[in-house]
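Notes for the one structure printed next.
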Amino acid sequence: MQVDINIGAKRKELKDFTRLVLSFFFCLVLMAIYQNARLYWSGVLDSILNKSFFLLMVHHLGFVSISALFLAFLFNFLERIKPNLGFKTVTIILLLILVIEGLLTNYYVDYYEILGAGFYDRIQNNGGLSLFYGTPILLLACSTLMYLFYRITANIYSLINRMYPFTIILFSLFLATLISRKNPVNENKTQYLLYHQAKASLDFNKYEGAREYPLLKPFDPPNGLADHFSLGEKKPNLVFIVMDGVGADFIGEKAVYKAFMPYMNSLLKKSLYWPHYVSNTGESVASIPSVFGSLPFGENGFTNNTSGTDRETLFGLLKANGYQTSFNFGGNSSLDNLGKFLFEEKIDLLVSRKAFGPSYSQQEEDAAGISLGYPDGELFQKWYDDFKSTYYPRLDVFLTQSTKNPFNIPQEKKYIREVEEILSSGKLTSRNRRLISKNDEIFASLLYTDDAIKNFMEQYRRKAEFQNTIFVITGSHNLTDLPQADHLGRYKVPLIIYSPLLRSPARIGSLVAHTDILPSITGLLYSKYEIQTPNEVSWLGEGLVHQGFFKKDKIIPLYRHRGNIQEFIKGNHCVSGSSFYEIGADLTLFRPKNEDSKVEIKEDFRNFKAINTYVTMENKLIPVAEDKKTRIATPESKSDMVWINSVFNSDDYDNAYRTARDLAIEGKRDRALLLCQHILEEVPGHADTEILMGRIHAWNKEYAQAATILETAIKKYPVYADGYSALLDVYFWADTNYKVADVKALIRKNRIENDELHKKIKRAEEKMKKEKTLFDSGNLGFLDFEDDIYE
């Protein structure tokens with residue numbers, strides 16, 4: 001006779017499982033209190049029960065919810081097999097998770113960093129197995145707390161019974177936590193570890209090479225451009241114009257729509273011109289690192305890389321060789337972190353929409369009430385108005401934007417009429433006429449930008465610097481608002497190098513890309529001036545000139561858009577997704593008869609994508625001394641980041657500024673300065689934050705430092721009244737009112753009408769007048785110096 005061993009055993013129900021889950025959550029609450037208490041006692045946090053603590057509770061709740069959702073099925077399944085088996089198994093699993101969370105929390109409060117993929121190496125570098133020494137005690141504590149909380153929850157059966165259907169509630173709670181931003185200080189450490197370890201394990205395109213810096217190679221300056229130039233004794237000025245969305249459809253020997261950029265096409269016969277040229281990207285901002293850094297893309301475009309990747313770019317190279325650098329853009333330089341990238345490059349002057357004043361007209365607003373900023377004509381005029389001759393050679397870069405959706409340009413009716421005149425000329429096919437008619441605003445914007453560049457070039461020609469200037473003109477990518485013939489269509493752009501220093505115009509047939517510009521410009525300058533160059537580089541490009549149309553093993557990776565490296569050129573073949581093509585004349589694509597190299601090239605593409613991710617995420621482009629790295633993580637800065645994450649938990653840096661301002665008003669000026677520095681590291685062009693930093697130093701009576709910050713701010717944002725207001729206060733409190741005359745002249749120059757500024761100028765002038773009167777009378781000692789720094 002068979003004996004039922006489960007006789008007398010009582011099967012656990014869902015309410016028992018719910019009590020376990022609640023006990024698990026309460027233990028996590030205690031861990032959160034422990035974490036914040038440790039951080040508070042070490043001086044990292046300002047309080048224990050703060051906003052960050054409650055966010056941590058929300059994220060713990062989300063983790064508990066998704067854990068319970070999966071464990072509920074296991075619980076029911078095992079309970080059906082044997083009473084209490086599901087209960088015991090889930091209890092053990094939850095205790096194990098608690099121990100792991102406890103160990104990870106301990107590591108976080110000790111080293112101020114959260115463990116993710118590659119955690120074993122991190123542990124080895126920070127004490128090794130010592131992390132696990134407290135595991136037995138932690139297990140005992142977790143077991144005891146779980147037992148106590150389980151007993152306590154016995155009295156809330158009625159509440160638990162009303163939580164039906166339990167799984168739906170759990171899943172809803174988990175989904176709610178997905179939309180909230182997580183920072184290490186307020187994130188469940190186990191969830192973070194599991195997610196990143198799983199992501200790394202499932203990455204089947206991982207770099208597995210032996211070289212630590214796989215793109216690093218000796219730099220042999222290419223001299224292909226040198227034969228085309230007659231350089232003088234003085235280093236040439238360089239002007240780059242990157243036209244947003246202007247592709248080979250509009251400029252080139254066989255451009256379909258060349259009538260809409262007549263000036264640019266007229267330069268072809270006076271310049272070096274590349275008919276087989278491609279952008280490495282299908283996005284505007286993403287083209288800048290390619291042109292000036294010959295850089296890989298990372299996951300979301302190089303400027304959006306958060307890892308602080310060290311690199312060697314044209315900006316840094318020319319600055320090291322005595323050049324003054326500027327970047328000019330009529331739009332918002334914070335988009336796609338362009339401003340941050342340029343700030344890291346230590347650009348001497350960054351002009352963006354905040355630098356324009358009432359003398360310049362913004363582009364009209366779109367249907368959503370948003371203006372992109374200032375159109376191309378105003379961009380070039382602003383540079384011309386501010387231009388000052390200098391002894392040093394210059395690098396001036398322009399990124400245009402008028403040929404960008406929504407294509408709102410000045411004098412639109414005038415340019416629409418010009419479009420209609422071109423349509424009536426009868427030189428276009430019926431298909432192209434229909435396309436132009438339906439998109440007349442696009443073609444009007446091309447005519448406008450062509451005129452803007454023409455006017456700029458004519459103005460520049462009047463300057464003495466013109467005779468020693470090289471103009472490099474290209475497009476960021478081809479317009480995607482119009483249909484493309486094939487997968488390479490969006491990348492086909494013009495490249496024109498125009499200069500009075502050219503020996504003669506030339507058509508260069510090499511298939512090259514944006515990433516080839518930096519090596520060639522460097523080689524050109526080296527050929528004459530032997531400028532300082534790095535011994536090794538990680539540039540993707542090789543140079544703009546080579547024998548023939550194709551270079552057998554030349555690689556040109558193509559970044560279609562964020563998170564998508566979709567196309568890849570090697571030699572005369574192109575991979576697009578899973579398709580394989582041969583490249584023909586005029587960069588047309590066709591199916592090859594012979595696919596012998598298909599497997600090899602696809603493998604090269606896979607390897608490049610792995611290297612691209614590795615070098616940008618792991619900062620393995622070039623070896624750099626620790627004190628010269630883009631970002632240096634020290635124990636102090638790590639602890640500072642814990643505090644910053646505790647008070648700022650979003651991507652809204654205007655909100656972070658308001659937090660910093662409130663901290664300063666409350667008297668917590670050191671904390672306010674720390675948050676300001678973080679904001680400016682992420683958004684270097686945040687004017688309000690720069691001005692707040694100046695004010696805080698002034699409130700601390702650090703007038704010299706305050707004046708330096710604010711004097712720089714009014715140069716960067718010459719039409720922003722608040723900067724002048726803060727600076728006038730500093731001059732008044734520091735008793736340096738003699739400087740007010742210069743500020744007054746700038747206010748007049750930029751046509752700023754502001755009653756508060758006029759009052760502060762009058763205040764300073766009256767004080768100087770009073771001082772002069774007292775000085776003349778010999779009663780200087782009776783001067784009443786203003787000491788109220790909060791006025």
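The values are calculated or read from the model by the stated rules, or taken from the named source; none is laboratory data. In this text, all values refer to a predicted model and were calculated from it rather than measured experimentally. Methodologically, a virtual Cβ is constructed for each residue, glycine included, from the backbone with ideal geometry; neighbour enumeration extends over all protein chains shown. Side chains included, ligands, DNA and RNA excluded: accessible areas come from the protein's heavy atoms. Shrake-Rupley method; radii C 1.70, N 1.55, O 1.52, S 1.80 Å.
Remark: pairs (first residue in segment 719-740, touching a residue at least 24 places away in the same chain (Cβ under 8 Å) and under 17 Å from Leu692 (Cα atoms); second residue of a type in the set (Asp, Glu) and crowded, with 22+ Cβ neighbours inside 10 Å; Cβ separation under 9 Å; 6+ apart in sequence or on different chains) = Gly723/Glu690. Residues in segment 199-231 that are of a type in the set (Gly, Ala, Ser) and either part of a loop (DSSP other than H, G, I, E, B) or closer than 18 Å to Glu299 by Cα (or both): Ala200, Ser201, Gly209, Ala210, Gly224, Ser230.
Only one of the numbered conditions (1) modelled with pLDDT of 95 or more; (2) open to solvent by less than 20 Å² (accessible area, probe 1.4 Å); (3) not in a strand (DSSP E or B) is not met by Leu540, and that is (2). Looking only at residues that are surrounded by fewer than 18 Cβ atoms within 10 Å (Cβ to Cβ) and not polar (S, T, N, Q) in segment 552-570, which one is nearest to Ser279 (Cα to Cα)? Among residues in segment 552-570 that are surrounded by fewer than 18 Cβ atoms within 10 Å (Cβ to Cβ) and not polar (S, T, N, Q), the one nearest to Ser279 (Cα to Cα) is His561. Of all residues in segment 426-467, those satisfying the criterion of being of a type in the set (S, T, N, Q), surrounded by 13 or more Cβ atoms within 10 Å (Cβ to Cβ) and farther than 26 Å from Asp385 by Cβ are Asn432, Asn439.
Residues checked against (1) touching a helix residue (DSSP H, G or I) at 6+ places or on another chain (Cβ under 9 Å); (2) hydroxyl-bearing (Ser, Thr, Tyr); (3) without any contact (Cβ under 8 Å) to a residue 40 or more places away in the chain; (4) at negative phi:
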residue: Lys346; (1), (2), (3), (4): yes, no, yes, no
residue: Leu350; (1), (2), (3), (4): yes, no, no, yes
residue: Arg353; (1), (2), (3), (4): no, no, yes, yes
residue: Pro358; (1), (2), (3), (4): no, no, no, yes
residue: Asp366; (1), (2), (3), (4): no, no, no, yes
residue: Asp385; (1), (2), (3), (4): no, no, yes, yes
residue: Phe398; (1), (2), (3), (4): yes, no, no, yes
residue: Thr403; (1), (2), (3), (4): yes, yes, no, yes
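Here Tyr731 fulfils each of the conditions (1) among the hydroxyl-bearing types (Ser, Thr, Tyr); (2) over 33 Å from the mean Cα position of the chain (by Cα); (3) open to solvent by 20 Å² or more (accessible area, probe 1.4 Å) apart from (3). Would you say Thr309 is surrounded by 23 or more Cβ atoms within 10 Å (Cβ to Cβ) and of a type in the set (Val, Ile, Thr)? So Thr309 fits the description; yes.
Residue by residue, here is whether (1) at pLDDT 90 or above; (2) over 27 Å from Ile442 (Cα atoms) holds:
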position: Gly330; (1), (2): yes, no
position: Ser352; (1), (2): yes, no
position: Ser361; (1), (2): yes, no
position: Ala368; (1), (2): no, no
position: Leu372; (1), (2): yes, no
position: Leu379; (1), (2): yes, no
position: Arg394; (1), (2): yes, yes
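When you look at Ser352, is it among the small types (Gly, Ala, Ser) and open to solvent by less than 20 Å² (accessible area, probe 1.4 Å), yes or no? Taking the combined requirement at face value, the residue satisfies it.
All of (1) out of contact with any Phe, Trp or Tyr (no Cβ under 6 Å at 6 or more places or on another chain); (2) surrounded by 15 or more Cβ atoms within 10 Å (Cβ to Cβ); (3) not small (Gly, Ala, Ser) hold for Asp386 with one exception: (2). Do we find a residue being touching a helix residue (DSSP H, G or I) at 6+ places or on another chain (Cβ under 6 Å), among the β-branched types (Val, Ile, Thr) and on the phi < 0 side of the Ramachandran plot anywhere in segment 252-265? No, segment 252-265 contains no residue that is touching a helix residue (DSSP H, G or I) at 6+ places or on another chain (Cβ under 6 Å), among the β-branched types (Val, Ile, Thr) and on the phi < 0 side of the Ramachandran plot. Residues of segment 516-553 that are closer than 18 Å to Thr588 by Cα and not small (Gly, Ala, Ser): Phe549, Phe550, Lys551, Lys552. In segment 175-199, the residues that are modelled with pLDDT of 85 or more and of a type in the set (Asp, Glu) form Cβ pairs under 6 Å with partners that are open to solvent by less than 60 Å² (accessible area, probe 1.4 Å) and part of a helix (DSSP H, G or I), at six or more places apart or across chains, as follows: Glu187/His59.
Kindly indicate whether any position in segment 589-607 is among the aliphatic types (A, V, I, L, M), modelled with pLDDT under 95, in contact with a Phe, Trp or Tyr (Cβ under 9 Å, 6 or more places away or on another chain) and open to solvent by less than 70 Å² (accessible area, probe 1.4 Å). Scanning segment 589-607 turns up at least one residue that is among the aliphatic types (A, V, I, L, M), modelled with pLDDT under 95, in contact with a Phe, Trp or Tyr (Cβ under 9 Å, 6 or more places away or on another chain) and open to solvent by less than 70 Å² (accessible area, probe 1.4 Å).
Against the test of being touching a residue at least 12 places away in the same chain (Cβ under 8 Å), touching a Phe, Trp or Tyr at 6+ places or on another chain (Cβ under 7 Å) and polar (S, T, N, Q), the options Gln459, Gln467 yield a single qualifying residue, Gln459. Find all pairs meeting these conditions: Cβ atoms under 9 angstrom apart; at least six residues apart or on different chains; first residue within segment 630-650 and open to solvent by 50 Å² or more (accessible area, probe 1.4 Å); second residue modelled with pLDDT under 90 and not in a loop (DSSP other than H, G, I, E, B). What qualifies is Arg631/Ser637; Arg631/Glu681; Ile632/Glu626; Ala633/Met641; Pro635/Tyr111; Lys638/Tyr111; Met641/Pro184; Met641/Val185.
The set of residues from segment 23-35 being of a type outside the set (Gly, Ala, Ser) and either out of contact with any Leu (no Cβ under 9 Å at 6 or more places or on another chain) or touching a residue at least 24 places away in the same chain (Cβ under 8 Å) (or both) comprises Phe24, Phe25, Phe26, Cys27, Leu28, Val29, Leu30, Met31, Tyr34, Gln35. The residues on offer are Arg751, Arg763, Arg658, and the sole one that is surrounded by fewer than 20 Cβ atoms within 10 Å (Cβ to Cβ), touching a Pro at 6+ places or on another chain (Cβ under 7 Å) and either free of Cβ contacts under 8 Å to residues at least 24 places away in the same chain or farther than 20 Å from Leu350 by Cα (or both) is Arg751.
This table checks each residue for (1) at pLDDT below 95; (2) in contact with a His (Cβ under 8 Å, 6 or more places away or on another chain); (3) not in a loop (DSSP other than H, G, I, E, B).
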residue: Val239; (1), (2), (3): no, no, yes
residue: Val242; (1), (2), (3): no, no, yes
residue: Gly245; (1), (2), (3): yes, yes, no
residue: Ile251; (1), (2), (3): no, no, no
residue: Ala255; (1), (2), (3): yes, no, no
residue: Met264; (1), (2), (3): no, no, yes
residue: Val291; (1), (2), (3): no, yes, yes
residue: Phe297; (1), (2), (3): yes, no, no
residue: Ser307; (1), (2), (3): yes, no, no
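For segment 312-327, the set of residues classified as farther than 23 Å from Phe380 by Cβ, open to solvent by less than 20 Å² (accessible area, probe 1.4 Å) and in a helix (DSSP H, G or I) consists of Leu317 only.
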